[in-house]
Structures are given as C-alpha cells and as structure tokens.
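The values are calculated or read from the model by the stated rules, or taken from the named source; none is laboratory data. Small disclaimer: the values here were computed from a predicted structure and weren't measured. Counting neighbours? That spans all protein chains shown, and the Cβs are built from the backbone with ideal geometry, glycine included.
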Number of protein chains: 2
Amino acid sequence: MQEPSGRPVTIAQVARDAGVSIPTVSRVLNGSAPVAEETRRRVDASIERLGYHPNPMARGLSRGLSDVVLVILPNITQPSVNLRLAGLISVLRETPYELTLVDLEHPDSERKRHLADIVARHHAAATVIISLPPSTADTLQLLRQAAPVVLVDVRSDAFPGDGIDDIAGGMIATRHLLGLGHRRIGFVGDAEDRFIGNPASANRRHGYEQVLFDAGIDIRPDDIALAPHGMDTAKAAALDLLDRSDRPTAVFAASDVQAFGVMDAARSLGLDVPGDVSVVGFDDIVTARLVGLTTVRQHLEVSGVRAGLRLLELLGQPLPFEMPEFPELELVTRSTTASPGDAHPIRSMAAALTGAAASEKEVSTAFDPAFGRDERIPRRK
Amino acid sequence: MQEPSGRPVTIAQVARDAGVSIPTVSRVLNGSAPVAEETRRRVDASIERLGYHPNPMARGLSRGLSDVVLVILPNITQPSVNLRLAGLISVLRETPYELTLVDLEHPDSERKRHLADIVARHHAAATVIISLPPSTADTLQLLRQAAPVVLVDVRSDAFPGDGIDDIAGGMIATRHLLGLGHRRIGFVGDAEDRFIGNPASANRRHGYEQVLFDAGIDIRPDDIALAPHGMDTAKAAALDLLDRSDRPTAVFAASDVQAFGVMDAARSLGLDVPGDVSVVGFDDIVTARLVGLTTVRQHLEVSGVRAGLRLLELLGQPLPFEMPEFPELELVTRSTTASPGDAHPIRSMAAALTGAAASEKEVSTAFDPAFGRDERIPRRK
DNA sequence: TTGTATGCGTTATCAA
DNA sequence: TTGATAACGCATACAA
C-alpha cells in the first residue's frame, strides 16, 4: 500500500524490493518457469505491498501480440447493436482480453469508411465487426493481416460469423399480415447506403416483396418509405405513407425502432393501431414487449455471444462455456396486428392498452399458423 | 498495397524502404523535428506503399503514456448508462484517444468491486467512471495514481464530474403527483447495495419522502418496493405494491426503466394507467416518449459530453468544442399521470393510446405549476 | 532454480 | 537536416 505516488510501479522495482532479478518476477507473474516456493512468496509479497500491475503495453510489445479485441460498430445507442455488444462482452469478461470500442456513428461519412484501416491502426489481437459489411477492398486487406476477424449480423464467405436470413424474416412478417387478411401492406425501412450500408433492411424488404408477388399483389411504389435508421426518421417516412385516404392497412417496419416510429406517426394522425393500421416490427428488442409490438424475433444477444466464442476459438483460447445454438427467427404475435376488418376502435384500444399483459400469454410461432411450414421459403444456407 | 502478409509492417521496414534512418521516419510521423521536403515525400510514399501503421503499444511504451481512455460502467444495456457513454464517445471521436470499455454488469459481485484495481491494471491515460461511486478505499488509491479520473452521474469531492440533484428530482416528481391530488403515492426503486450501489435511487426516494412529509402525509412501509435495477424486477416489485385493494393511486419510479415495469405490472393486473394508477418515471430515455410516460428529464448524453471535455482539459488537450451547460431537471408531463378522480376508463385508455401524439404538445415545467417555484427545495450546490 | 543478455517497435537525446 | 544510441517495461533464450 506504500505505492509511490505518481508513475506506476515497474517490474524492476518489484525485483529490487524482493531481492531477485527481473525475470524471476516475470516467472512468478506468468508461471512460465518453476520458482522456489520461498522466492515466490517474497515476490508475491513485494507485488502486493507495492501495488504492482504489469504494464499491458510493455507486455504486449514483448510478446508480440496485444490483449485487446477491437470492436467496430455503427452506433452503440441502436438497441439491436447494443444487445449484440452486450452478448460479446459477457464472453470477453471471462477471458484476459480487453475490449476497445470504435463507434462509427455515421458509417457513411467519407473518412470513416475504411474498416480495414481502423483495424490496421489498432494492432489488436482480433477484431469483431458488428452490423457493418466490409467492402471488397476492406475484405482483401483484412484477409492479408494476421489477426482474426469475426462478423456479427453480416454474412460473408471471407470471415466467420452468422447473419440471419433476413429475406425469410421479411417473409414471415409479411405472411402474418397477409394471413390476417391485409392486401395493402406498406414497408418502412432504411434508406440504402450503396457503400457501407447493412443489407438487412433491403433483404427484409425483398422477402416482403417476394411474398406479395407470390400472392399476386402489386406493390405501389408509394407504399414503400425509406429513411435513415432511427425512430424519428421512420416516423417522418411513415407519415408520407399513412397521411393519405388510400393508405395501406398494415405496415411492415424493418426494425422495432422503426416500427415505433410508425406507431408514433399513426397516433399523431389519430389512427388506431391495430384498428386502422397494423404494424409489425423486426428484432424484438426489450421495449417491443412493453408496447405490445408484434415482431419477428431474432436473438440479438446470442449473436454477440457466438461471435465472442468464435473469436476465442480462432485465438486458440479455451471457451468459458459451450457455443449456444443460433435460434431461428420466430414471429411474436402481440397487439399491434389485427385483421383489417377488426376496426372496433374501443376494443382495439383496450387490446393495445393491455398489450403488455397480453404478452404474458403471447404466442410465438416461426410461421403464421394460417400458412404453416412453407417449403417455398428460400433458406439461404 | 504490397503489404507483406502476416505480421504488421514496422517502422524499420519503412526506413529501409525509404533509404533513411528510423528516427527520420519517426519525425515525419510526428512532426517532432524538421525533415527535408524531399525526404518527407520518400518516407510518405513508403508508408503508403507498405501500408504502415505505428504500433500503439510501442509508441505508448516509448512515450511513457498510453492513448487509451478507460471507461468503467455498471451495465451497457441500461439505457441511461448507454446514453451517457454515447455522449462521451462523441467527444473522444474528435481526439486521438482510444476507448477501452469495462462493463461490470454485476457491480455488487465480490471480485469486481475494486474500481481502483481495474484502473491500475489498465495503465490508461485517464479513466471515466459512469454511475459507479468509488468507495473510500478506491478513492484514496485512485488519487494516488497520476492518471486523471472523471466521474459521471456521481458527485464526489475527490474527482471532477457532475451529478444531478437527485433529491430535488424526487421532489419534482412527487410534487407533480401531489398537485394532481394524489395522497397515496408508492415508490419503486433500486434495492440498495451498501458497498458500491449508486445512491441515485435512494436520493430520489429521499426527495419523495421529504415532500410527503412536508405535506403531512405518512408513508406506509409497504408502499415502497425495492428491487435490483431492471424492468422485470421492477414489475415484480410493483406487483407487490399494486395487487392489493388498498393500493396507492400513484407510483413514482426511480427510473424510466422501472416505470415501464410498473406500467407492465399495472396492465397485467387489469389496472388502467393513469385511470387507476398514475406513474412517473425518471430520466426521459428515448422510449419514454413512445409510451407517453410522464417523467423527470435529465440530460444523459450531455453528462457524457461534459465528462469527455473535462477529461481533455485534464489531459491538456484542446477541446473540440465548447463545454455545454448542464441543463436543469425538468418535469415532462405526458399521459401516464392524472388526478385520482379522473378514472374514466375509456377516456383514459384513449389518452394513453394517443400518448405519443400528445407528446408533441407536451408541457415541460421544472416544477409543477400547482406549486410554482418553491424556495424550500434544498439545492445541494 | 536463478541471473545475464537480448529484443519487441517506438520516441527522445544526443552528435554530426 | 540527419543518424547513432539509449531508453520504455517486459518476456524469453540461454548460461550458470
């Protein structure tokens, strides 16, 4: 406890204090070679008394590899991203690795575009990239470096990581609405970024379009509204969609956050949900249950956990626990969807109000019962 | 682009490639000394061609200080914590500092208790501690080390950082309910952790108790329910509170997340909010608006921004922008509170349903108009 | 079982 | 304006 104020204690000070050489201290620190019991005790005592902690930079330099895992993500306040990160953290917590966080926030901005450069700059032991698809150039450069890369929420032939089948997810949501009898179904999703954008929203839309096409339903161009990701931007987009006499009777939003924006828009227009408009989201974030949102559930935290475990495998580290299965998408039916005929304002108000209560008995089905298992669903491996 | 596969390029390789000495490369890298224009160009070309990036560990070792800012927080999925962190990130993004994240997740667990040890282990340039009050022992140890420490959401004489006046916040919320005519007001907050717990919940409760005391109202012990922080735990606690015939007519929750739990509990009991129970939260997180929650707004992101700027000051770095004021607490009145007499189920359902719409015209007042500015409010400086 | 010597990649202090 | 040379704190090969 007599730690000299100011600069940190070094291994040399410990060695001097214990009356041994530096490598001996290093040996008791790392157990890299046998040390006499008596010596070890003296060293341990000095370490304790001086309050010594090895300098990670020196250690990393000497060993030729750092103990940091670099995590790059688009925006930590986005609930889906946040949950994936939480899953990853829960794994790394059980390991000697540190976590360095890079939040791009505006991944589309010019100077932040080069994932590979960010990775190169950090000299980390490994990198996890969440919800950001590397460009071709990034991929080539990332493959050339030695440190492993794991992707979350993105599919790639170049790197390990699991992405969900967004197309199938879009189909699940749309089939649900179709099964309820809706024929005019709108879509609210991400404005596409040609360069670095996550294709999830676009793929969910493809699923939506496919199902409507198969059902022989034409999609009106103005039933699709795109905006940068976020609740307020989605609300604005949804206003375009809903503030018309010939509005759709249902909306599929590419994420729960955007579904919230749609609900907000509906309410500000005096439209009842689901009386006047049904809304389906995607993700099943924590607050979805609170507002009774019907949504397609994906297991966000598990994706982070699996990424962490994959990383440890690649680093040759023992896994703190077994790799969990990656659960399939499933529809969670709550109270923001109903048949278009069921427009009993008061009753549906009551239903929405008790939405959270209803969620306790909520039904989860991978596919809408009205359709059952459908073999035509294209399962991308 | 011909970067040799495998290990990263070193400064030595660049020097050889450019036909200069290592220190010369270092000079063009850091501009630490004049370099001939012609030489500089050759070096820059080599750097570009080899894809060289300085090794941060070596750089840190040599300079005697790292470029990482250590951030310690209790749980990144907690919306308030998440937003504070986002504010901090937005500042650090404009600087050369990296961010290393330590998420304690269960700060009460034995082995994770010693903030000072975590700090010592990392040898960071500076540390930010979010929503975790250092113990006395931690404080002493943290003061002894050279790297600056900034707190967020915690007040301390030892370290800079701003915490809000939680007692006043609790008073604002309780006065609002009192002004509506409630006389039986419950409280749902954090179960207290004697060692490392954040005192925010307890202080908000003190404000609540003070206001009721001043109003001559006795608080029944079973009108106060405490549970570990979280929506589900708060729901369970609220069930104890509300599943009685003599339940309170209003509940003040120590955070929005807990208010959500209370609302969930009310709904699962078939109670209308605000018809049967009014609910007030604390924080005004993003989703509060969505569900129309009346709450005490604090500016979470600003707290992170200010912490980041304080840090830069302490590190002698230029500030990327001016230090924003720290806004005062304010009551945001939405649709989860009403007078206890106003129990018109259908009407209040409709009100709740259109809560988000109502939020567009929401009234923000620092104090309930019924009370006006109250000089008796103890302002802890 | 322990100590000596060397190297990790970079910056800083000198001379030249 | 540039190049030797010596740190920075630690780990490892080798010798004792």
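Some observations on this one:
- Restricting attention to the stretch A:48-95, the residues that are among the charged types (D, E, K, R) and under 23 Å from B:Arg84 (Cβ atoms) add up to 2.
- Residues (loosely packed, with under 14 Cβ neighbours inside 10 Å and either outside the structural domain of A:Ala265 (by TED's automatic domain parsing) or over 12 Å from A:Arg184 (Cβ atoms) (or both)) located in the stretch A:216-227: A:Gly216, A:Pro221
- Filtered residues of the stretch A:232-278 (kept if in contact (Cβ under 8 Å) with a residue 12 or more places away in the chain, in a loop (DSSP other than H, G, I, E, B) and among the small types (Gly, Ala, Ser)): A:Ala254, A:Ser255, A:Gly275
- The stretch B:12-51: number of residues that are of a type in the set (Asp, Glu) and within 9 Å of DNA strand D (Cβ to nearest atom): 2
- Just one of (1) in a helix (DSSP H, G or I); (2) more than 10 Å from DNA strand D (Cβ to nearest atom); (3) touching an Asp or Glu at 6+ places or on another chain (Cβ under 9 Å) fails for B:Gly60. It is (2).
- Out of A:Pro74, A:Pro54, one residue alone is over 19 Å from A:Glu313 (Cα atoms), out of contact with any helix residue (DSSP H, G or I) (no Cβ under 6 Å at 6 or more places or on another chain) and away from DNA strand D (no atom under 16 Å from the Cβ). It is A:Pro74.
- Being of a type in the set (Gly, Ala, Ser), within 11 Å of chain B (Cβ to nearest Cβ), under 26 Å from B:Ile285 (Cβ atoms) and under 18 Å from the mean Cα position of the chain (by Cα) is a condition met by at least one residue of the stretch A:87-108.
- Matching strands (runs of 3 or more DSSP E) fully within the stretch A:64-132 where at least 3 residues are modelled with pLDDT of 95 or more and surrounded by fewer than 23 Cβ atoms within 10 Å (Cβ to Cβ): A:98-103
- Qualifying residue in the stretch B:363-374 (condition: at pLDDT below 95, surrounded by 14 or more Cβ atoms within 10 Å (Cβ to Cβ), aromatic (Phe, Trp, Tyr) and over 30 Å from B:Leu88 (Cα atoms)): yes
- Residue count for the stretch A:280-320, restricted to those that are without any contact (Cβ under 8 Å) to a residue 12 or more places away in the chain and hydrophobic (A, V, I, L, M, F, W, C): 1
- Residues located in the stretch A:13-63, provided they are surrounded by fewer than 16 Cβ atoms within 10 Å (Cβ to Cβ), within 14 Å of another protein chain (Cβ to nearest Cβ) and within 11 Å of DNA strand C (Cβ to nearest atom): A:Ser62, A:Arg63
- The lone exception for A:Pro320 - which of (1) surrounded by fewer than 17 Cβ atoms within 10 Å (Cβ to Cβ); (2) not in a loop (DSSP other than H, G, I, E, B) it fails: (2)
- Of the residues in the stretch B:64-75, at least one is without any contact (Cβ under 8 Å) to a residue 40 or more places away in the chain and either hydrophobic (A, V, I, L, M, F, W, C) or closer than 16 Å to B:Ala124 by Cα (or both).
- Within the set B:Thr294, B:Thr287, B:Thr336, the sole residue that is within 21 Å of the chain's Cα centre (by Cα), of a type outside the set (A, V, I, L, M, F, W, C), modelled with pLDDT of 95 or more and assigned by TED's automatic domain parsing to the domain that holds B:Thr249 turns out to be B:Thr294.
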